[in-house]
Amino acid sequence: MALAYFITVIVLALILAFAKNRLAQLLVMTVFSLVQTAFTAYVIFFREVGFSGYFAVDSLCLIFLSLLTVVTITTVIQSFVYLRKRNDTLAHRSYYMASLVFFIASMTGVFLSDHIGLMWVFAEATTLSIALLIYHERTPEAIEATWKYIFISTLGLSFSFIGILLLDLSLGGSVAEVFTFSGLSQALAAVPDKIMLQLAFILIVIGFSVKMGVFPLHTVCIDAHSVAPSPVSAMVSTSLMNVGFVAVFRFYMLLSGSSIVTWMNHVLMILGFLTVLVAAIYLVKVKNFKRLIAYSSIENMGLVAIAIAAGGIAWTAAILHLVIHTFVKSGIFYQMAQIIRVFKTKKVYLMGRYLDINPIGGIVMILAFIILSGIPPSGLFFTEFMIFSSLFSGGYAFVAVPVMLLLCFIIYTLAKYFFKTLFGPLEPETFEQAEKISKWESVPQLILLILTLAISIYPPAGLLGLIGDSLAFLPK
């Protein structure tokens with residue numbers, strides 16, 4: 001089934017690359033959305049995709065593949081809204097859509113991969129496919145962000161590749177033919193060379209930090225967010241960061257039975273804290289609304305890294321946090337496209353009275369702020385509560401307290417800019433000339449946010465069961 005999916009995706013992407021008709025583009029993207037949905041449904045119901053030893057379906061895969069499919073459908077819809085308002089040539093539209101299809105398929109491959117080398121290949125494929133999406137608007141800023149992303153992302157994944165090679169060397173190179181996540185945990189538990197395992201893990205984490213959006217290679221994500229089309233930013237801020245999390249978490253689970261588990265926790269705790277700290281510091285200087293939301297994503301991924309290190313109930317909180325974050329951050333970036341159209345700028349100090357200009361969009365932003373800030377009934381309040389409970393019970397109060405203070409500062413900064421945009425003063429001339437936005441354009445965002453609130457108030461038993469199953473192999 002996996003082979004049929006990837007062949008279909010390649011064919012559809014090639015058709016899109018040469019399609020110079022808007023109707024043909026719409027039809028092919030509709031077919032792709034149906035293919036992605038059908039494939040995800042097949043994986044959920046049958047729990048297999050073939051090619052044992054290369055692909056495997058587990059609970060972690062099911063959670064994030066399902067999230068990717070939901071975001072895919074809304075991103076395709078929002079992409080057509082975005083492209084309809086631009087004067088792009090049909091060729092540029094074709095390249096955008098073909099790259100988007102490859103990008104989504106590459107992330108699907110990461111979630112499905114059981115073979116460590118194959119997962120790395122798919123992760124690198126996300127770099128190549130997203131480059132054209134970042135470059136789509138073809139401004140000087142887009143060119144700079146694109147080459148930075150390609151260079152730093154490739155450099156980072158080169159570090160992770162070296163880490164993977166060291167992991168193989170620590171086993172004597174004797175299991176290369178079964179170099180899978182499902183087949184190596186017992187072998188790694190018996191490896192006596194702690195230094196080799198430590199070096200492998202730190203290189204892997206640093207490498208995949210470029211995808212997860214945590215310190216030290218988080219900066220490239222910020223540039224990509226700020227210049228990419230808003231529907232693409234939504235995927236970078238959610239699904240692509242989920243790719244980084246899944247990669248790091250699989251290696252963490254793989255090595256959790258080894259002698260370096262405490263050391264791994266310390267590494268992730270330090271990187272997570274530095275990520276939250278950097279996000280808080282840079283939020284002071286940011287005046288670009290998209291960069292502001294990008295740093296918010298970085299802060300949330302820092303919390304997730306801390307949660308992995310804290311262990312216990314924080315592992316459940318980390319995955320649930322990512323589920324909620326995926327929906328709310330997608331909704332914000334989709335709405336950001338409308339805000340930029342209204343004000344013709346990304347500068348926060350030039351925005352105001354958005355609730356008057358676009359009432360439905362303003363309601364979306366209010367709901368998004370409540371959820372993103374962790375104000376009850378936001379699910380992020382409960383996940384953060386679980387993370388901090390785990391930190392205090394684990395003796396990490398010296399980490400929990402400063403992180404809580406940093407979060408207070410971050411929430412204050414977000415509130416200041418959100419409310420400035422929604423209710424702040426605006427020049428009468430700008431208000432009169434503001435583009436009127438159709439209320440229907442905000443429907444996908446509202447659906448995502450309502451779904452987020454539903455999950456927050458009453459998490460589905462099936463989701464909680466999948467989260468529990470995905471953590472079953474971690475040490476208690």
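The values are calculated or read from the model by the stated rules, or taken from the named source; none is laboratory data. What you see is a predicted model, and the numbers here were worked out from it, not measured in a lab. Here the Cβ is made from the backbone with ideal geometry for all residues, glycine too, and neighbour counts use every protein chain on show.
Below are the figures for this structure:
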read-out	value
Qualifying residue in segment 297-310 (condition: charged (D, E, K, R) and surrounded by fewer than 22 Cβ atoms within 10 Å (Cβ to Cβ))	no
Residue match in segment 242-258 (condition: touching a Lys or Arg at 6+ places or on another chain (Cβ under 6 Å), buried (at least 20 other Cβ atoms within 10 Å of the Cβ), at pLDDT below 95 and of a type outside the set (S, T, N, Q))	no
Pair list, Cβ < 8 Å and 6+ apart or interchain, from segment 6-28 residues that are at negative phi and assigned by TED's automatic domain parsing to the domain that holds residue 104 to residues that are modelled with pLDDT of 95 or more and not hydrophobic (A, V, I, L, M, F, W, C)	6/109
Residue that is nearest to residue 442 (Cα to Cα), among those in segment 32-51 that are without any contact (Cβ under 8 Å) to a residue 60 or more places away in the chain and outside any helix (DSSP H, G or I)	47
Which numbered condition residue 235 misses (of (1) assigned by TED's automatic domain parsing to the domain that holds residue 458; (2) among the aliphatic types (A, V, I, L, M); (3) in contact (Cβ under 8 Å) with a residue 24 or more places away in the chain)	(1)
Residue list for segment 9-27, filter: buried (at least 21 other Cβ atoms within 10 Å of the Cβ) and within 13 Å of residue 77 (Cα to Cα)	25
Condition broken by residue 426, with the remaining ones in (1) in contact with an Asp or Glu (Cβ under 9 Å, 6 or more places away or on another chain); (2) at pLDDT 90 or above; (3) outside any helix (DSSP H, G or I) satisfied	(2)
Boolean, residue 413 is surrounded by fewer than 20 Cβ atoms within 10 Å (Cβ to Cβ) and in contact with a helix residue (DSSP H, G or I) (Cβ under 7 Å, 6 or more places away or on another chain)	yes
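Rundown of residues vs (1) within 26 Å of residue 451 (Cβ to Cβ); (2) in contact (Cβ under 8 Å) with a residue 12 or more places away in the chain; (3) surrounded by fewer than 23 Cβ atoms within 10 Å (Cβ to Cβ); (4) basic (Lys, Arg), yes/no style:
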site: 71; (1), (2), (3), (4): yes, yes, no, no
site: 77; (1), (2), (3), (4): yes, yes, yes, no
site: 89; (1), (2), (3), (4): no, no, yes, no
site: 97; (1), (2), (3), (4): yes, yes, no, no
site: 100; (1), (2), (3), (4): yes, yes, no, no
site: 117; (1), (2), (3), (4): no, yes, yes, no
site: 122; (1), (2), (3), (4): no, yes, yes, no
site: 137; (1), (2), (3), (4): no, yes, yes, no
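Table: residues versus (1) surrounded by fewer than 15 Cβ atoms within 10 Å (Cβ to Cβ); (2) in a helix (DSSP H, G or I); (3) of a type outside the set (S, T, N, Q).
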position	(1), (2), (3)
382	no, yes, yes
389	no, yes, no
406	no, yes, yes
422	no, yes, yes
435	yes, no, yes
446	no, yes, yes
473	yes, no, yes
